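Below is one structure, written out as structure tokens, with a few remarks after it.
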């Protein structure tokens with residue numbers, strides 16, 4: 001579904017869009033592609049879902065989001081879809097996933113909250129537990145202590161990890 | 001960072017247009033000229049508030065694979081384990097977290113098969129059990145870290 005020109009374009013795009021009035025023309029210039037072709041290919045790739053979105057990668061820390069918590073619940077499989085859909089509606093939830101439980105780690109519903117500080121995140125978690133009736137389920141909050149490694153999306157290894165967390 | 005910068009960041013998180021003059025398209029609703037927007041953006045990139053603009057790819061549709069994994073690193077081996085795990089190019093990011101499972105990392109590979117190979121290699125290198133928690137479903141959240 002990707003041809004060679006698409007691949008060249010995606011590879012070039014991963015270093016970021018130039019900050020100049022005609023950025024797509026500039027990208028095309030490096031690939032001997034017209035601006036129109038770049039726009040057409042990108043639009044198509046986005047429609048196909050290969051490009052999830054175009055946008056900006058923010059540094060949470062720089063914006064004052066110092067507390068990053070992963071919250072996990074053990075919820076019945078029959079409720080997971082409905083709960084995931086509800087949790088993800090809260091504006092402070094930045095990611096929400098279903099993942100497989102393990103015997104020593106029995107959690108199957110995950111979400112991330114990036115907050116300005118721990119107290120805010122815990123208050124937001126209270127709100128989630130109350131509003132979604134999650135309080136009765138086993139849960140844990142894992143605040144991050146340190147980020148050791150964080151790299152952006154590298155098309156050469158086909159990744160989509162720019163959003164800091166948990167693909 | 002002032003209020004205009006905040007508005008710019010919030011507006012960019014909503015998406016970036018694919019059209020011939022995307023910066024102008026974003027500048028207009030913010031009441032800025034294209035030139036003003038570009039210079040503010042450049043400043044935000046230069047001072048590290050923003051890392052980059054560009055596409056976020058769908059790893060699985062591209063043929064690649066991702067997973068979330070965790071280990072319990074004993075306190076006295078914590079630094080060593082960190083180095084061993086971070087040395088894998090497949091490890092995209094790695095966080096220390098407050099829990100018995102105290103190290104959580106994302107593995108990104110070009111093919112799904114390489115995920116298991118990497119997990120096995122990490123177990124061999126560290127001698128620790130690696131818990132694999134691949135995503136089963138993702139629930140869509142809008143992007144909104146309000147600046």
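Each reported figure results from applying straightforward, stated rules to the coordinates on display, with no laboratory input. Nothing here was measured: the structure is a model prediction, and the numbers come from that model. Don't worry about glycine lacking a Cβ; one is built from the backbone with ideal geometry, like all the others, and counts go over all protein chains shown.
Provide a whole-number value for the mean count of partner chain Cβ atoms within 10 Å of the Cβ atoms in peptide A:13-19.
Taking the mean over all residues of the peptide, I get 5.
Summing -39500 (n - 2.57) over the DSSP H runs of n ≥ 4 in chain B and dividing by its residue number, what mean residue ellipticity at 222 nm do you reach, to the nearest 500 deg cm²/dmol?
Result for chain B: -11000 deg cm²/dmol, rounded to the nearest 500.
With label points built 7 Å along Cα→Cβ from the Cα atoms of residue B:137 and residue B:21, find their separation and express it in nm.
4.5
Given the rule -39500 (n - 2.57) for each run of at least 4 DSSP H residues, summed and divided by the residues of chain A, what is its mean residue ellipticity at 222 nm, to the nearest 500 deg cm²/dmol?
My calculation for chain A gives -10500 deg cm²/dmol from helical runs alone.
May I ask for the angle, rounded to the nearest 10°, between helix A:4-13 and the longest principal axis of chain A, with both axes built from Cα atoms and the value confined to 0 to 90°?
Between helix and principal axis, roughly 60 degrees.
Sort out for me the Cα centre separation of region A:115-142 from region B:1-78, rounded to whole Å.
27
Just want the ordering: B:51, A:78, from fewest to most Cβ atoms lying within 10 Å of their own Cβ.
Listing B:51, A:78 from fewest to most nearby Cβ atoms yields A:78, B:51.
Using 1/(1 + (r/R0)^6) with R0 = 22 angstrom and r between the beta carbons of residue A:91 and residue A:122, what's the FRET efficiency to the nearest 0.05?
Once rounded, the FRET efficiency stands at 0.85.
How well do other chains shield peptide B:11-19, expressed as the mean number of their Cβ atoms within 10 Å of each residue Cβ?
Averaged over the peptide's residues, the number is 5.
Using Cα springs under 10 Å in a Gaussian network model of chain A, which residue among A:47, A:104, A:127 shows the largest mean-square fluctuation?
So, out of A:47, A:104, A:127, the one fluctuating most is A:104.
Counting other beta carbons within 10 Å of each residue's own, what order do B:21, A:116 fall into, fewest first?
Taking fewest neighbouring Cβ atoms as first place, the list is A:116, B:21.
Pick from A:51, A:80, A:113 the residue whose mean-square fluctuation is largest in a GNM of chain A, springs joining Cα atoms under 10 Å.
Between A:51, A:80, A:113, it is A:51 that shows the largest mean-square fluctuation.
Using Cβ contacts closer than 10 Å as the measure, can you line up A:114, B:58 from fewest to most?
Going from least to most buried by this count: B:58, A:114.
Expressed as an acute angle from 0 to 90° and rounded to the nearest 10, what is the orientation of the C-alpha long axis of helix A:77-87 relative to the principal long axis of chain A?
Tilt of helix A:77-87: around 70 degrees.
Under 1.5 on a/c is rounded, so check that first for chain B, then, if it is not, pick prolate when a/b is larger than b/c and oblate when it is not; a ≥ b ≥ c are the square roots of the alpha carbon gyration tensor eigenvalues.
Prolate is the answer for chain B, as a/c is 1.5 or above and a/b outweighs b/c.
How big is the C-alpha Rg of the protein assembly as shown next to the rule-of-thumb value 2.2 N^0.38 Å, as a ratio?
Rounded to two decimals, the normalised Rg is 1.03.
Taking 0.36 nm per residue of separation and subtracting the Cα-Cα distance, what length does fully extending residue B:4 through residue B:60 add?
16.5 nm
Count, for each residue of A:137-145, the Cβ atoms from other chains sitting within 10 Å of its Cβ, then give me the mean as a whole number.
What the average comes to for A:137-145 is 4.
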